[in-house]
Amino acid sequence: MTIGGVATCPVRMDGIERALIGQSPSEALFRELAEQCRAIEAMGDVHAPASYRQQLATVLARRALLRAAQRMGQA
């Protein structure tokens, strides 16, 4: 999973990828794993502070994981 628009370059969330291996998809798991996005060294600028970008990355990562599981027919 890669997150763009948060830092100066796209950030690969390989910790999330590794944590998914062997796990059964669930909203609770996705919510827990998406929290790793709060650790991204996000940039702040005139459009949005770093904390907002971290929050947005967390929410969108969870939604992306849920959507992927739904497409696989597993959630």
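The values are calculated or read from the model by the stated rules, or taken from the named source; none is laboratory data. Just so we're clear, the structure is a prediction, and the values are computed from it rather than from any experiment. No Cβ is skipped: glycine too gets one built from the backbone with ideal geometry, and neighbour counts run over all protein chains shown.
Which of the residues belonging to the range 1-21 are in a loop (DSSP other than H, G, I, E, B), closer than 25 Å to Gly73 by Cβ and either under 10 Å from the mean Cα position of the chain (by Cα) or modelled with pLDDT under 95 (or both)?
Step one: list which residues in the range 1-21 are in a loop (DSSP other than H, G, I, E, B), which gives 1, 4-10, 13, 21.
Right, trim to closer than 25 Å to Gly73 by Cβ and you get 1, 13, 21.
Once the filter is applied, which keeps residues that are in a loop (DSSP other than H, G, I, E, B), closer than 25 Å to Gly73 by Cβ and either under 10 Å from the mean Cα position of the chain (by Cα) or modelled with pLDDT under 95 (or both), the range 1-21 yields Met1, Met13.
Identify the single condition in (1) in a helix (DSSP H, G or I); (2) over 10 Å from the mean Cα position of the chain (by Cα) that Arg31 does not satisfy, given that it satisfies every other one.
It fails just one condition, (2).
Which members of the range 1-42 meet the condition of being over 16 Å from Arg67 (Cα atoms) and either surrounded by 15 or more Cβ atoms within 10 Å (Cβ to Cβ) or among the β-branched types (Val, Ile, Thr) (or both)?
Within the range 1-42, Val6, Ala7, Thr8, Val11, Met13, Ile21, Gln36, Cys37, Ile40, Ala42 qualify.
Restricting to the range 55-75, give me the number of residues that are out of contact with any Asp or Glu (no Cβ under 9 Å at 6 or more places or on another chain) and surrounded by fewer than 18 Cβ atoms within 10 Å (Cβ to Cβ).
Number of matching residues: 13.
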